[in-house]
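Novice: Attaching a single structure in structure tokens format; questions to follow.
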Amino acid sequence: MGTLAVSGAELHYEISGSGPLLLLIPGGTDDARDFAGLIPLLETSFSVLTYDCRGVSRSRLSEPTDRVSVETQAQDAWNLLKRVDGGPAYVFGTSGGGQIGLELTARHPVSVMALVVHEPPVARFLPEWDTRRSLVLKVCEIYRTHGAERAMEVFVAGSRMKHVSDPARHAPESPRSAVLAQERAIRMRRNLDHFFSRVLSGVVDYRPDTDVLKETGVRIMVGVGQTSREQFAHDTGLALAARLGSTPTVFPGGHAGFVTHPVGFADRLRGLMEAD
């Protein structure tokens with residue numbers, strides 16, 4: 001474990017294993033501990049680097065701010081890569097972490113060997129008629145008037161995150177995975193105020209430049225959850241894959257499949273990263 005001072009924050013990061021560098025970027029309310037079930041399965045093949053994004057959990061803000069942009073967080077990720085060895089690295093980002101990975105790749109393509117983005121919430125790529133494009137505006141207003149818990153309820157309902165297409169496959173793959181999922185839920189609640197007040201609108205408004213991403217020559221793969229069909233982030237992942245002209249890869253579990261189904265998730269991720 002270590003810390004890295006960056007402009008406006010101090011980042012908590014962790015690195016373990018051996019082999020090519022693999023950077024894991026968590027989502028908006030998540031931190032490095034969300035990958036606790038995944039890392040032991042990957043560190044035999046990779047040097048696994050992960051961290052808490054600025055303002056989340058152990059990565060404290062050192063200066064007051066009203067907004068944490070995707071661009072700022074991509075710079076944080078690049079600074080971490082420079083801290084450990086500069087890359088190039090394999091990069092995996094989930095949810096809002098996928099947005100960070102996309103911006104990192106667009107800005108610093110020589111530092112990225114391959115990128116996998118798992119259910120990135122690229123709302124601007126949804127069709128104009130899709131009312132979920134404006135979901136975040138509604139959620140942020142509810143946060144200001146009714147607080148984080150109520151805003152999260154509306155966000156979960158509006159994004160259909162409680163929709164389960166196959167309950168049997170949606171269940172955690174082991175008792176330990178179930179415990180990790182419960183611990184994650186507790187950490188998420190602690191990070192909700194930061195997420196709603198400083199992060200969410202920037203993440204969902206972020207519109208990756210797919211032309212620039214194609215021109216980088218970096219292999220970019222989009223992942224979606226097996227049990228998250230019809231959910232917001234699943235559909236935005238499909239929309240991004242269409243813009244990139246690629247076929248999405250289905251990962252075990254849902255939006256948090258890396259927590260609930262780490263064995264299958266690690267196998268799928270390793271296969272993508274190591275593919276020629």
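Quick note: the coordinates plus some simple rules give every number you see, no bench work behind them. Just so we're clear, the structure is a prediction, and the values are computed from it rather than from any experiment. Ideal geometry is used to build each Cβ from the backbone, glycine not excepted, and the neighbour counts take in all protein chains shown.
Novice: Loop sites only, by DSSP: take the trypsin sites (Lys or Arg not before Pro) in the chain that have at most 14 other C-beta atoms within 10 Å and name the longest stretch containing none of them. It would help to have the intermediate numbers written out before the result.
Specialist: Working: sites that count: Arg60, Arg67, Lys162.
That would be 163-276.
Novice: Would you mind classifying segment 2-274 by shape? Square roots of the alpha carbon gyration tensor eigenvalues, ordered a ≥ b ≥ c; an a/c under 1.5 is rounded, otherwise it is prolate if a/b is larger than b/c and oblate if not.
Specialist: rounded
Novice: Here's a follow-up. Give the Rg (one decimal place) followed by the Dmax (whole number) of segment 1-149, computed from C-alpha coordinates and expressed in Å.
Specialist: In order Rg, Dmax, the Cα atoms of segment 1-149 give 16.0, 49 Å.
Novice: Continuing with the same structure: I need His261, His108 ordered by Cβ neighbour count within 10 Å, fewest first.
Specialist: His108, His261
Novice: Give me log10 I(q)/I(0) at q = 0.24, 0.26, 0.27 Å⁻¹ for segment 192-273, Debye formula, one equal scatterer per alpha-carbon, no solvent.
Specialist: The Cα Debye sum returns log10 ratios of -1.18, -1.20, -1.21.
Novice: Can you sort Val156, Val48 by how many other beta carbons sit within 10 Å, fewest first?
Specialist: In increasing order of surrounding Cβ atoms, one gets Val156, Val48.
Novice: Please give the Cα centre distance for segment 204-276 versus segment 40-75, rounded to the nearest Å.
Specialist: Cα centroid of segment 204-276 versus Cα centroid of segment 40-75: 19 Å apart.
Novice: Can you sort Met273, Met1, Met113 so the residue with the fewest Cβ neighbours within 10 Å comes first?
Specialist: Ordered by Cβ neighbours within 10 Å, fewest first: Met1, Met113, Met273.
Novice: Given the -39500 (n - 2.57) contribution per DSSP H run of 4+ residues, what per-residue ellipticity at 222 nm results for the chain, rounded to the nearest 500 deg cm²/dmol?
Specialist: When only DSSP H runs of four or more count, the value is -12000 deg cm²/dmol.
Novice: Quick one: of the DSSP bridges fully inside the chain, what percent are antiparallel, nearest 5?
Specialist: Once the DSSP bridges in the chain are tallied, antiparallel ones form about 35 percent.
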